[in-house]
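Reviewing the structure listed below.
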Amino acid sequence: MKYIVAICRFLVGALFIISGLIKANDAVGFSYKLAEYFDVFGMEWLKPAALVLAMLICIFEVVCGVTTLTGTLPKATAWSLMAMIVFFTFLTFYSAYFNKVTDCGCFGDALKLTPWGSFTKDIVLLVLILPIFLYRNKTQSLFNAKGDYYVLGFSTILITYFTMYTYQHLPVIDFRPYAIGKNIQDGMKLPPDAVTDSIVMVFIYEKDGKRYEFSPAEISKADSTYKFIDRIDKKVREGEKPPIHDFSISKNGSDYTEDILNKDGYTFLMVCYNINQTNKEVFAEKINPFVAECDKAGIPVIGMSANIDTEVEAFRHEVQAAFDFYTTDETTLKTMIRSNPGLMLLNKGTVVDMWHYNDFPTFEEFKAKHPLN
């Protein structure tokens, strides 16, 4: 039995570390997923704490993975593992059964799981954690009591630093479809062998106050006693979606997506997904001087926000922004860059570079990295 427990400890510990590191690499993105769950469970009051909770979960998950592998504090670790897996198994089952959240965010953008896939993963983990929990009193640590606390402290410090670093800058590894080197237009296309939506024709009839749906093969059942109401196209199977399926840039009712993505040369996108939460101080310190130099060099800077025009105009005057803002979906903007504001550099639709507002370059630094033709 000890070999079974050892295998379970290795698998569970490794999976928790990998899962925690992937989420810690993009704690902001994980906080968006937590906010979705809060909406589902009617806990909107917790949304302001989503980021802090996301960071704590990432840290706790990695530390639990490390202590599982090393046998550090076996009783506390076993209880922590069991509590987490029971909670998340319930959460993923509820989400899958009622189709509330389409992706659990367990592995961030690195690996997308269907709701039932997430639940299955948690069931497997529950089976693996059970032996660890039942034999918690027989687990031997690789270290003595002093070494246990060193392991606990060191792993906590390292993962906390990593989580804070990626929050204050950008993810170290970018799994999103807007990562540096990706072409946005290519991301909006499905591969030739992709599974598409399956649509069937449905005829709606009424009889004795009740409505009935018939497929073309069943239409003969609708005799003269049925009254025809409508014909609709009904989706019976959800097809695959391209990595980027909701990207658009508009202004005053006109669409500028193709114009901007097809433009030769550099174009800067200044992403402020919600101007009410945007760091305003960085405009005077970094953005406005940078934009002035871009204007001299003939490089367009385009603001992107999901706010209404009146709010955007008031914001522009407040921060003295000398560039126009265009409208884009808020979820899209949050996906594009984990910074508010965030700066993205395009060249004919390809993402050349991006910066968190803590790392905005001077114009000279930009030219040194990306020489102008």
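The values are calculated or read from the model by the stated rules, or taken from the named source; none is laboratory data. A quick note: this is a predicted structure, and the numbers were derived from the prediction, not measured. Cβ sites come from the backbone with ideal geometry, for glycine too, and all protein chains shown count toward neighbours.
Tabulated data for the structure shown
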quantity	calculated
Enumerated helices (runs of 4 or more DSSP H) restricted to the range 223-340, each holding at least 2 residues that are out of contact with any Phe, Trp or Tyr (no Cβ under 6 Å at 6 or more places or on another chain) and within 29 Å of residue 189 (Cα to Cα)	257-261, 330-336
Of all residues in the range 113-129 being under 18 Å from residue 65 (Cβ atoms) and free of Cβ contacts under 8 Å to residues at least 12 places away in the same chain, the one that is nearest to the chain's Cα centre (by Cα)	124
Subset of the range 346-373 (residues that are exposed (fewer than 15 other Cβ atoms within 10 Å of the Cβ) and closer than 22 Å to residue 335 by Cα)	358
Residue among 91, 51 that is over 30 Å from residue 147 (Cα atoms), surrounded by 14 or more Cβ atoms within 10 Å (Cβ to Cβ) and at pLDDT 90 or above	51
Cβ-Cβ under 7 Å pairs, at least 6 apart or on other chains, the range 173-191 side closer than 22 Å to residue 264 by Cβ, far side part of a loop (DSSP other than H, G, I, E, B) and small (Gly, Ala, Ser)	183/349; 184/349; 185/349
Flag if residue 82 is over 28 Å from residue 335 (Cβ atoms) and touching a Pro at 6+ places or on another chain (Cβ under 8 Å)	no
Near pairs, Cβ below 6 angstrom, 6+ apart or cross-chain, from the range 274-300 (assigned by TED's automatic domain parsing to the domain that holds residue 365 and over 19 Å from residue 311 (Cβ atoms)) to any residue that is at pLDDT 90 or above and outside any loop (DSSP other than H, G, I, E, B)	290/363; 291/301; 293/363; 294/301; 299/266; 300/267
Hits in the range 77-86 - residues which are over 12 Å from residue 60 (Cβ atoms) and either surrounded by fewer than 16 Cβ atoms within 10 Å (Cβ to Cβ) or among the hydroxyl-bearing types (Ser, Thr, Tyr) (or both)	79, 86
Given (1) among the acidic types (Asp, Glu); (2) touching a Ser or Thr at 6+ places or on another chain (Cβ under 7 Å); (3) at positive phi, number of the condition residue 208 does not satisfy	(2)
Residue 219 vs. criteria closer than 30 Å to residue 331 by Cβ and either assigned to a helix (DSSP H, G or I) or in contact (Cβ under 8 Å) with a residue 24 or more places away in the chain (or both)	no
Some residue of the range 304-318 being surrounded by 15 or more Cβ atoms within 10 Å (Cβ to Cβ) and on the phi > 0 side of the Ramachandran plot	no
Residues satisfying the stated conditions in the range 167-216, i.e. within 21 Å of residue 333 (Cβ to Cβ) and not in a loop (DSSP other than H, G, I, E, B)	167, 168, 183, 184, 185, 186, 187
Residue in the range 288-302 that is among the polar types (S, T, N, Q), touching a Gly at 6+ places or on another chain (Cβ under 9 Å) and over 17 Å from residue 28 (Cβ atoms) present	no
Residues located in the range 196-227, provided they are among the hydrophobic types (A, V, I, L, M, F, W, C) and loosely packed, with under 11 Cβ neighbours inside 10 Å	217
When residues of the range 148-170 are limited to those that are surrounded by fewer than 18 Cβ atoms within 10 Å (Cβ to Cβ) and in contact (Cβ under 8 Å) with a residue 24 or more places away in the chain, the one farthest from residue 77 (Cα to Cα)	169
